[in-house]
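Accompanying notes for the structure given below.
Computed from the coordinates by the stated procedures, all read-outs in this text should not be read as laboratory data. Quick caveat, the model's predicted, so the values are computed rather than measured. When we count neighbours, we look across all protein chains shown, and the Cβ atoms used for this are built from the backbone with ideal geometry, even at glycine.
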C-alpha cells in the first residue's frame with residue numbers, strides 16, 4: 001500500500017516528466033522483475049491517499065471488477081458549506097456528461113465558514129467520479145483523499161509512505177469480496 005501524495009501520477013512513466021508513484025517504491029521494483037508491481041486502479045494527479053499495488057494480476061482484476069462492489073471511502077474538502085440538500089443530491093445521483101453518477105453514501109465530517117469536509121463512499125468508481133459529480137453542480141473540490149478500500153484503512157501511513165500488506169489485511173480484503181471472488 002502507498003499513501004499517494006497530491007501531484008503524483010499513477011503510472012509507470014510519464015511523457016511529461018511528472019513524478020510517478022514508482023518514485024516511492026525504491027529500486028527493487030524493476031520492470032520485468034517478478035517483484036514488479038502495478039497499481040490497482042488509479043488516483044488522479046490531484047488526488048491523494050490509499051493506493052494498492054500488486055504483482056498479482058488476477059487479484060487486482062477481482063478488486064477492480066464491477067461485481068466486487070468494495071467500498072472506497074474518500075474525505076473530500078469542497079469550496080462551500082455543505083447541507084442536507086447536497087448530500088441528498090449526491091446520493092440520489094446526477095446525470096452528467098459522463099452518464100449517471102451517484103455515491104453510495106455521503107455525510108458531512110465538519111464545516112467551517114467557507115468550506116466543508118465530506119465523507120463520500122463509492123462502491124463503483126468511474127474516472128474522476130467524485131470530481132465530475134461535484135463540478136457538474138458547480139462545486140470545486142479542494143482536496144480529495146482516499147482513506148480506505150474495503151476493510152483496509154490508510155491509517156497513519158505518512159504521505160509517500162509505502163509498506164506491504166500484512167497477511168491479515170490481504171485476508172480481510174479477500175473476505176470482503178463477493179463469494180468466490182476472494183479465494
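Relative to the longest principal axis of the chain, what angle (0 to 90°, nearest 10) does the C-alpha long axis of helix 167-176 take?
Roughly 50 degrees, rounded to the nearest 10.
In whole percent, what relative contact order does the chain give with Cα contacts below 8 Å and a gap of six or more residues?
Rounded, it is 27 percent for the chain.
Can you order the peptides 36-45, 98-107, 9-18 by their average number of other Cβ atoms within 10 Å per residue, highest first?
Result, highest mean first: 36-45, 98-107, 9-18.
Before rounding to the nearest 500, sum -39500 (n - 2.57) across all DSSP H runs of length at least 4 in the chain and divide by the residue total; then give [θ] at 222 nm in deg cm²/dmol.
-5500 deg cm²/dmol
Expressed as a fraction of 2.2 N^0.38 Å, the rule-of-thumb size for a compact globular protein of N residues, what is the C-alpha radius of gyration of the chain?
Numbers: Rg = 16.9 Å, N = 183, 2.2 N^0.38 = 15.9 Å.
Compactness ratio reported: 1.06.
Note down the nm distance, to one decimal, between modelled labels 7 Å out along Cα→Cβ at residue 71 and at residue 175.
For residue 71 paired with residue 175, the spin-label model returns 1.6 nm.
Going by average Cβ density within 10 Å per residue, which order do the peptides 59-66, 142-149 take, highest to lowest?
Top of the packing list down: 142-149, 59-66.
Order these by the 10 Å Cβ neighbour count, fewest first: 166, 96. Could you put the intermediate results ahead of the total?
Details: 166 10, 96 15.
By the 10 Å Cβ count, ascending, the order reads 166, 96.
Using a 7 Å offset from the Cα along the Cα-to-Cβ direction at both residue 81 and residue 143, what is the distance between the two label points in nm, to one decimal?
It is 2.1 nm.
Once the cut-off is 15 Å, how many percent of the Cα-Cα pairs in segment 86-142 end up in the long-distance tail? Can you show the working numbers first?
On the way: 713 of 1596 pairs.
More than 15 Å apart: 45 percent of the Cα pairs in segment 86-142.
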